[in-house]
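Inspection log for the structure reproduced underneath, given as C-alpha cells.
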Amino acid sequence: MRALPVPAAAAMEVSAREAETLAQDDERLREARRRLDERRRRLQGQVREVERTGPVPSEAALAEARARRDALWAALRGGDAAPSGDAGERFEEALREADGLADALRVQAERVARLAEAREGLAACDDERRALDDEASALAERRERHARDFADAWSAVGVAPPSASAAAGWLAAHAELARRVDERARVQAQLDEDAARLARALAALARAESRGAGAVAGGIADVDAGADVGTARIPSDEPAARLARAEAELARRARVAHEHTRLRDALGALDDERASAARALGLAESEADAWRERWAVAMDVLGLASDALPEEATAVLDGVQALFGKLEKHAGLARRVAGIEEDASIFAADVGRLVARHASDLAGRPADEQADELLRRSQLAREAERRRDEWIATRDGKRAECEALEHERDAARRTLDELMQRASVADLDGLRAAERRADDAARLDARLDELAQQLLQAGDGVPGDELRQQTAELEVDAVRVRLRACQDEFEEVSEEHDRAIHDLAGTQQGLEYMRRDSRAADEAETAQALLARVRSEARRYVRARLAAVLLRREVERYREENQGPILRRAGELFPRLTLGRYARLRVGNDGDGRPVLVCVRADGSEAEVAGLSDGTRDQLFLALRVASLERHLEHDEPLPLVLDDVLVHFDDERARAALAVLGELATRQQVLFFTHHARLVDLAREAAPDVLRVHDLDDARRVAEERAAGA
C-alpha cells in the first residue's frame, strides 16, 4: 500500500484550487455572455424600432452626397466648354440630394442620435464578444492543460478520482488505509515475536519440571538468552536459593502469561481492524466499480468512451448547454417573429380599414404599398389643407381691406356732402368751382397780406395810416431827387443781382451735370451712406468698448472675490470626479503672463485644460460649476440647476461619482437632470437614493394623451 505512487496532497490541493478557479471563470464567462446577449438583443430592438418608421439619414451619406455635389461643381467650373444640360441637371439633383439629407439630419436629429448610439453599442458588443471568445479559448486551454496534468499525476496509480476536488478525500483514505496496514504489520510482528518467546518459555518450563524444581530458573534464563534448552545445566545451589529462584520464575511465568493474554487480545483487535479495513476497502472498490458503471452509462449517453476524462464530459455538457441556449434563443426569435407577424397582420387590417374608408381604389394592392400611398396622400392632403388655410387667410385679409376701403369711401362721401352743403352747391362741378373761387380768394388775401407786409417793411414799421400822413407833407421835387438816388442804388443792386444770378446759373449747371452723371450721384449717395454707417458703427464700437471694459472690470472683481473659495472647492470635487487620477487644481501663468488653470495629477505632473481629454474636461467644468453654485448659495437664494446629458463622456464609475456630487448639491437646491440613458438612472439610484425622483416623460406623455382621449 505504501509503494502505491499516489500524487502528493499539496499538489492535489493546488489542482483542486485551480479547478475551482476554472469553474468560477467559466461561470463568470457564461454570465458575461448572457448579459452581452441580452444587451445586444435590446440594442437590435432599438435599431429595428428606429428603422421601422423609415430610412434614417447618416453623416456618411451626407458626406458622400456633398462629395458628389462638389465633384460635379468642380467639373462644371473647370470645364473649358460650356456645360451641357445633363451635367447641370445632375449637379442640381446632387445639390437637392445633399440639401435634403442635411435637412433630414437636422429634422431627425433625435432618430439619428438614437440609431448612432445603438450602432455604437452593437459595435462595442461585437468587441466584447471577441474579447470573451478569446478569454474562453484561453480558459479552454487552461482547462485542457489542467486535465492533462491531473491525468498524468494519477497515471502511475492506474485509477483516478472523478475530479480534482475528490482527490483530497481519496488521498486521505489512502493514507488512513496505509497507516492501518502498517500498524497491523507491526502488531503482527510483535505477536509473532511474543509467541516465539512464549513457546520457548513453555518448553523450558516443561523440561524444568521434569528435571526438578532446582533447574527452573536456570532453564528459563537460558530460554531468555536464546540458549539450547536441551543442553542447559541445572545449577546445584542450596535449597533456599533454588526455592527463591523457583518463586521468581513462577512470578515471571505469571507475567509472561498475562502479557501473552494481553497480546492475544491485541492481536484479536488487530484482526478485527484488519477485517474492518478489508470490508471498507471492498466497499470502496464496490463504490468505485458502481461509479465506473454509472460513468460508463453517462458517457454512453453523451456518446463518449467509458474511460473519457471529466474535462471531455464537461466540454460536451457545455456544448449541450450552448445548444439548449441556442434552442431557447431560437424559440425566442420564433416568438418575436410570431409577434412581428401578428403586428404585421394587425397593421394590414388597419391599413385595409383605412383603404376601405378613404381609398377604395387601392384595394388589392400589398399592405406596404397601400400604407405608403396613404401616407403620401395624407401628406398631400395636409399640404392642400395648409394652402387652403393660407388662401382663406388671404381672402379674409382682402375682405377686411375691402371693408376698410368701403368705410373710407363712405366717410369721403359724407365729407363731400358736408362741403357741398357749406358751399351751397348741388353737384361736384359746383363744388369744384367753389373750391377754385376759394383758392383765388385765398391767394388774393395772401397777396394783400404780402403787400401790406412790404409796405410795412418799406415804412420802417410805420403803420399805413401814419405813413400816409407823413408823405402828405413831402414836396414833389424832393421826392423826385430821392427817387433818382434810389434808382441809381437800384441799378447797382440790380448789377449785383445779375452777378448773383450768373453765379447761381453756374452752380445750377454743375448741379445739372451731377444729376446727369449718375455715377457721381451714386458715389455721392454711397459716400453719404458710408458716412452714416461709419457714424452708426462708431457709436456701436464706443458702446461695445465701454461694455467690454466694464465687463472686464466686473470679471476681475468677481474673480478676486470668489477665485479662492471656488478654486479651493473645485480642487476638492475634481479628485472625486476623476476617481483620484487628479489630485488638485492651481492657478498658473501662460507665456504672456495671463492666469491659466492647471490640473495636477496624482503623480505630481501637470496638465493645462487644452491637454485634457473630453471626459476629463467635462469633469473639470462640472467641478467648477458646482463650486460656483455652492458659492452662490452662501449669499443668494437657490435657483434650479438644469442639466441635459452632461455625463455622455463619463464611464460608469465616474458617472456614479458625479451623480453623488449632484445628489449632495440637490440637498441645497433643485437639480433637474435630463437624460435618455436608462443606465444613468440606475447609477443615480445607487449614488443618491435619498434625493432622487425619476419622472419618465414617455409615461407622462402617455397619461396626457389618455386624458385628452378621455376628454
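The values are calculated or read from the model by the stated rules, or taken from the named source; none is laboratory data. Keep in mind that what you see is a predicted model, and the values were worked out from it rather than measured. Here Cβ is always computed from backbone atoms with ideal geometry, including for glycine, and neighbour counts include all displayed protein chains. Protein only, heavy atoms only, side chains kept; ligands, DNA and RNA dropped before computing areas. Shrake-Rupley method; radii C 1.70, N 1.55, O 1.52, S 1.80 Å.
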Inset, instruction - For R184 and E135, calculate 0.36 nm times their separation in residues minus their Cα-Cα distance, and state this gained length in nm to one decimal. - result: 12.3 nm
Legend entry - Whole-percent carbon and sulfur share, accessible surface of the range 606-682, 1.4 Å: 52
Inset, instruction - Please report how far the C-alpha centroid of the range 388-456 lies from that of the range 245-273, rounded to the nearest whole angstrom. - result: 163
Legend entry - Residue order for F650, F347 - accessible surface, 1.4 angstrom probe, largest first: F347, F650
Legend entry - Exposure rank, largest accessible area first [D690, D682; 1.4 Å]: D690, D682
Inset, instruction - Give the distance, in whole Å, between the Cα centre of the range 611-630 and the Cα centre of the range 564-581. - result: 9
Legend entry - Nitroxide proxy distance, nm - points 7 Å out along Cα→Cβ at R42 and A363: 4.7
Legend entry - Cβ-Cβ FRET estimate between E92 and E312, R0 fixed at 60 Å, reported to 0.05: 0.30
Inset, instruction - Report the FRET efficiency, 1/(1 + (r/R0)^6), for E144 and L122, where r is their Cβ-Cβ distance and R0 is 30 Å, rounded to 0.05. - result: 0.40
Legend entry - Inter-probe distance in nm under a simple model that places probes 7 Å from Cα toward Cβ, at A322 and R28: 2.0
Inset, instruction - With a cut-off of at most 11 other beta carbons within 10 Å, and DSSP calling the residue loop, which GluC sites (Glu not before Pro) in the range 588-656 qualify? Please list them. - result: E634
Inset, instruction - Tell me the label-point distance for the pair W73, E176, using the 7 Å Cα-to-Cβ offset, in nm and rounded to one decimal. - result: 9.0
Inset, instruction - Any chance you could run the full-extension gain for D300 through S378? It's 0.36 nm times the residue separation minus the Cα-Cα distance, nm to one decimal. - result: 21.4 nm
